[in-house]
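So the structure is just underneath, and the comments pick up after that.
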Amino acid sequence: MRYDGIAASPGIAVGPIFCYQHEEYAVRDTPVAPERVGEEIERFHRALAAARKDLARLRDGIAAELGELEAAIYDTHLMILDDPELLKAVEEGIRREGRNTAWIFRGYMSAAAARLGQVQDEYLRERRADLVDVERRVLRQLLEDAPRALDELPQPSVVMAHDLGPSEVAVLKPGRVLGFVTEVGGRTSHSAIVARGRGIPTVVGVRGVLQHARTGDLGAVDGYAGQVEVNPDEETAGRYRQRQAMLESEARALVQLKDEPAVTLDGRTVELGANIELPGEEEQALEAGADGIGLFRTEFFYLGRFELPTEEEQYVAYRGVTERMAPRPVIFRTMDLGGDKVASYLGASHETNPFLGWRGIRFALHHPDVFRTQIRAIYRASAHGRVRMMFPMVSNLDELLSTTRLCVAVQAELERKGVPHDPQLEIGLMIETPSSVWIADVLARHARFFSIGSNDLVQYTLAIDRDNERLSHLYEPLEPAVLRSIHHTIAAAHAAGRWVGICGEMAGDPRTAVLLLGLGVDELSMTCFDLPRVKAAIRSVRYDQAREAALAALEETSAAGVKALMRDRLESHLPSFLVAKRSPL
Ligand code: PEP
Ligand code: MG
């Protein structure tokens with residue numbers, strides 16, 4: 001059966017399906033002999049005590065760092081742990097059913113969460129998330145680092161889920177996860193971006209696929225066309241495999257460009273950066289032939305964990321990436337939390353419009369101590385290579401100035417204490433909001449560079465939620481409004497003598513990258529997977545042709561017009577395998 005969705009990460013995968021239920025741990029049902037029931041109950045008490053200790057430590061740390069208000073959520077969690085009803089029900093369950101604690105405990109918590117999910121009161125309904133959090137905390141103790149369900153894949157598989165958070169996708173292993181399919185999400189959801197960074201063929205927004213797919217069925221994923229097959233016949237599966245083999249041989253051919261610069265036929269060079277999410281991924285960037293790291297999404301450091309990363313921990317990680325990439329530059333984008341990237345221990349709560357809410361630089365400035373710690377770690381890493389730093393989602397001058405003041409204070413302190421760092425570290429900001437586009441001339445006076453975050457710029461310019469699969473047909477980076485915003489930003493930056501990069505997903509499409517080059521960008525940053533193809537495209541065109549096409553595109557009145565123009569003016573110059581009908585843009 002065939003399903004259509006949104007092409008989110010290119011590539012083809014064929015293999016057994018694994019349907020992933022939202023759960024952090026794989027809990028097994030095992031019998032407990034009557035003589036061992038007492039021991040099992042003891043284990044339960046120990047797990048509760050350990051979880052309580054963990055939580056209390058976390059609570060006090062957050063209270064000291066962020067204040068009592070932010071810590072209050074953990075008091076609720078402690079109350080759940082101390083609930084006499086919970087203790088009684090689980091103890092009785094173990095005795096009565098003769099099954100292991102984790103199994104009984106999960107059963108109790110799931111039933112309680114389901115009950116809460118049904119009540120009318122919205123406040124109570126939202127407490128469901130607290131129950132789930134406490135459940136995971138206790139299970140972690142009980143299972144003592146047991147493998148997570150996704151680590152336990154019985155064989156390399158096509159993973160299908162309703163949804164998967166960015167931090168969960170970040171730990172997917174490309175070798176084990178052949179392909180990835182979700183029922184919700186858009187092409188620039190962070191989960192999709194991370195999957196692309198891992199080189200995992202992905203289709204998102206495939207409504208209803210989990211109603212038919214079962215673990216063990218055969219699945220085929222086409223991450224170029226946005227198609228998924230469940231139990232395809234022999235012939236269809238064969239076609240997928242053939243396409244897969246062809247694409248792999250193309251990728252091998254592109255490896256030859258690794259050490260070549262991204263220079264046009266008439267000699268204009270553009271810097272090609274790689275986007276990474278976690279330390280260690282710089283190896284892929286080097287293999288792909290990147291000139292540097294154009295976007296290190298540092299917030300992933302804060303996700304998928306239960307407490308703040310320390311300065312030392314961050315310093316060691318940032319230093320590692322910086323040293324490995326030296327003398328190439330690394331741009332650390334300071335924590336961009338909020339929106340779809342929520343670190344619950346920082347006191348984030350439900351918001352009606354998370355992407356218009358407590359996000360990016362707003363969130364960071366609200367937590368000055370946490371932010372300062374990160375800035376210090378980045379400054380310290382700058383002693384070991386070429387470091388740049390930029391801030392996400394700036395929407396007015398005040399935010400930039402407040403952040404710059406924080407940096408100046410951190411730098412002065414390091415200077416005073418004789419801590420090695422680069423005092424000239426380049427500080428820039430992301431252009432992701434329409435307001436920053438229109439004050440780009442003002443912002444350029446206070447920053448050394450801009451990096452256009454087109455994923456958000458498209459979302460905010462067109463007023464289209466980047467995560468909403470229902471609107472994905474309207475989420476269009478080639479809309480004239482977006483191109484004109486980019487053009488305006490580049491002009492303002494260049495007038496002030498600043499350089500401009502683009503690090504959103506549109507930079508990773510070979511044809512669009514050529515158009516952006518024509519608009520005058522100095523740097524393009526993309527996933528490691530996209531980089532060799534963009535390099536091949538840039539090396540196949542002349543800058544004057546790209547420039548002419550870009551200026552003509554600015555006169556177009558619709559995205560369809562821009563696409564037609566690209567087809568007419570640019571595609572004939574590009575190698576045919578880069579423009580074959582399989583690019584999601
Ligand atoms: C962007 O918005 O284009 C960007 C690069 O940042 P992120 O995708 O992490 O929001
Ligand atoms: Mg962004």
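What follows is calculated from the coordinates using simple rules that are stated; it is not laboratory data. Please read all numbers here as calculations on a predicted model, not as lab measurements. Here Cβ is always computed from backbone atoms with ideal geometry, including for glycine, and neighbour counts include all displayed protein chains.
For Leu401, neighbours were defined as the other residues whose beta-carbon sits under 15 Å from its Cβ, and their charges (Lys and Arg +1, Asp and Glu -1) total +2.
Seen against the Cα atoms of the chain and their longest principal axis, helix 101-118 is set at about 70 degrees.
From least to most packed, judged by other beta carbons within 10 angstrom and beginning with the fewest, Val408, Val230 follow the order Val408, Val230.
Ranking Leu116, Pro309, Cys407 by Cα position along the charge dipole of the chain, where only Lys, Arg, Asp and Glu carry charges on their C-beta atoms, puts Cys407 farthest toward the positive end.
Quick check on packing: order 458-467, 397-406, 552-561 by the mean number of other C-beta atoms within 10 Å, highest mean leading.
Working: 458-467: 20.9, 397-406: 16.4, 552-561: 14.5.
Ranking the peptides 458-467, 397-406, 552-561 by packing returns 458-467, 397-406, 552-561.
Put simply, when 314-321, 104-111, 501-508, 420-427 are sorted by average Cβ atoms within 10 angstrom per residue, most first, you get 501-508, 314-321, 104-111, 420-427.
For the pair Glu571 and Leu265, the difference between a 0.36 nm per residue extended length and the Cα-Cα distance amounts to 108.6 nm. Sorting the Cα pairs of the range 261-579 by distance into bins of 20 Å, from 0 upward, gives 33, 59, 8, 0 percent per bin. Whole angstrom only: what separates the Cα centroid of the range 307-386 from the Cα centroid of the range 533-580? Between the Cα centre of the range 307-386 and that of the range 533-580, the gap is 36 Å.
State the number of lysine pairs found in the chain whose Cα atoms come within less than 27 Å, restricting to pairs 8 or more positions apart or on distinct chains. Value for the chain: 10.
Phi angles of the range 469-474 translate, via the Karplus equation with coefficients 6.51, -1.76, 1.60 and θ = phi - 60°, into HN-Hα couplings of 5, 5, 9, 4, 5, 9 Hz per residue; Gly and Pro are given as x.
Report the Cα centroid-to-centroid distance between the range 401-454 and the range 81-122 in angstrom, as an integer. The range 401-454 and the range 81-122 have Cα centres spaced 50 Å from each other.
Got a sec? How would Trp438, Trp499 order by Cβ neighbour count within 10 Å, fewest to most?
Numbers: Trp438 14, Trp499 17.
Lowest count first: Trp438, Trp499.
Across the chain, C-alpha contacts under 8 Å between residues 6 or more apart give a mean separation that, scaled by the residue count, equals a relative contact order of 15 percent. Summing charges over all other residues whose Cβ lies under 12 Å from the Cβ of Leu337, with Lys and Arg as +1 and Asp and Glu as -1, gives +2.
Suppose we keep just the DSSP beta bridges with both residues in the range 261-579; what percent of those would be antiparallel, to 5? Walk me through the numbers before you get to the answer.
Working: 2 of 32 bridges.
Antiparallel bridges: around 5 percent, rounded to the nearest 5.
In this structure, the amide hydrogen of Ser451, modeled 1.01 Å from its nitrogen in the peptide plane, lies closer than 5 angstrom to those of Leu429, Met430, Ile431, Gly501, counting only residues at least 5 positions away or on a different chain.
Quick one: which of 486-498, 6-18 comes out on top by average Cβ neighbours within 10 Å, and what's the full order, highest first? Please list the in-between numbers first.
Details: 486-498: 18.3, 6-18: 23.8.
Answer by packing, highest mean first, reads 6-18, 486-498.
Provide the net charge surrounding Val255, with neighbours chosen by a C-beta distance below 13 Å and charges set as Lys +1, Arg +1, Asp -1, Glu -1. Mind showing how you got there, number by number?
Values: positive: Arg252, Lys258, Arg533, Lys535; negative: Glu248, Glu250, Asp259, Glu260, Glu287.
In short, -1.
For the chain, the share of DSSP beta bridges that are antiparallel, to the nearest 5, is 30%. Between Asp340 and Gln244, the distance separating the two model label sites (each 7 Å from Cα on the Cα→Cβ line) works out to 2.5 nm. State log₁₀ I(q)/I(0) for the range 34-142 at q = 0.12, 0.22 Å⁻¹ as given by the Debye formula over alpha-carbon point scatterers of equal weight, solvent excluded. Scattering profile of the range 34-142, log10 relative to I(0): -0.44, -1.18.
Enter the mean projected area of the convex hull around the alpha-carbon atoms of the range 168-237, in nm², rounded to one decimal.
Directional mean of the projected Cα hull area for the range 168-237 stands at 4.9 nm².
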